[in-house]
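In what follows, a single structure is set out as structure tokens and then discussed.
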Amino acid sequence: MRIHCPCCGPRGVAEFSYGGDGTVRRPDLSVTDTDAHVAYVFERENPRGPHVELWHHIGGCRHWLRVTRDTLTHEITSVEMAGRFAGEAARISGAGA
Amino acid sequence: MSDVSNESPNTTARTEATKPEAAVARPVVGRLVPGEAAGAEDPSLTLRELSAGALLEVGAWPNRRENVANRLGELAGVTLPGRPGRFTESPSALVCWIAFGRFIYVGAAAEDTARVDTALDTEDAAVVDLSGARRIVRIEGETAREVLNKAVAIDFDPAAFPAGALAQSVIHQIPAVILRRSETVFDVLAPSSLADALIDWMTDAALEFGYRVEEPGTIL
Ligand SMILES: [Zn+2]
């Protein structure tokens, strides 16, 4: 499996580490409903098909990526920069070519 | 992995006087010994270690990249590359744009460490001195890209990866920055503590093409 990093270009999966489900959001810390926190920490869907997940390009640029991957075929349909440099990445043309 | 021992099988037959010469006559694991050659009568590759006066990593805060890029360009006397994955050089400095918000500044002079540090506002960027934390190995020759491709699955065709291109990747489990200086010249930056292991891997990988070790040089 290869991931096309928006910074580095296409790289083998061995350069990346998996960062989990990219859709979960931590409840605000003011939320006192413990079920919400348990769900955030432990509960995950196990989808068969497209899945949004986080990958860390640890062996390359070290950016975090939000990757849409089909869990059945490994087909990757979208890779976006996650985090603080997402805006900058969008403004620079030619990166990751 | 190469033989980890530098001892020849007939160690017992050695005399004190011949020991150093005997060690140079065959590959020395983890170190490049100028004059050493291996693998072929007429080696097609050369290896050498390079030094830099200063080597700094510059981390721009988000949305401060333009200020930082302009400052680094002025300091180095270059127009910065247009995107990450590229570097530009002048006779006095080489600026690598390694990732969004991150640069490596390689200076010919040791004073560049202080120069870059004082020139950049802490509101714009953080500067980390890596001068002692990186070693640089140059591999040169028509087959240099084939050697590197034993470790990294990156397209080194000049159309995809021309002179001026760089890649951060992993060689032999060692995080490395690969700079293509020209079609046949690649400079590899590796953490100092792992550079011996990189050299060990590289001499091993280059053996089938033959290599000769040249005197150490400077990156600029
Ligand atoms: Zn990357």
Report task. Identify, from the list A:Ala82, A:Ala90, A:Ala36, A:Ala14, the residue that is more than 17 Å from B:Pro84 (Cβ to Cβ), within 14 Å of another protein chain (Cβ to nearest Cβ) and of a type in the set (A, V, I, L, M). Result -> A:Ala14
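The rows are residues; the columns are (1) more than 11 Å from every other protein chain (Cβ to nearest Cβ); (2) more than 19 Å from A:Ser93 (Cβ to Cβ).
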{"site": "B:Arg65", "(1), (2)": "no, no"}
{"site": "B:Leu72", "(1), (2)": "yes, yes"}
{"site": "B:Thr79", "(1), (2)": "yes, no"}
{"site": "B:Pro84", "(1), (2)": "no, no"}
{"site": "B:Phe87", "(1), (2)": "yes, no"}
{"site": "B:Ser92", "(1), (2)": "yes, yes"}
{"site": "B:Thr113", "(1), (2)": "yes, yes"}
Report task. Please indicate, with yes or no, whether at least one residue in region B:120-137 is touching a His at 6+ places or on another chain (Cβ under 9 Å) and more than 25 Å from B:Asn70 (Cα to Cα). Result -> no
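Any read-out appearing in this document is the output of simple, stated calculations on the displayed coordinates, not a laboratory observation. Because the structure is a prediction, the values reported are computed rather than measured. Neighbour counts are summed over all protein chains in view; Cβ atoms, including those assigned to glycine, are modelled from backbone coordinates with ideal geometry.
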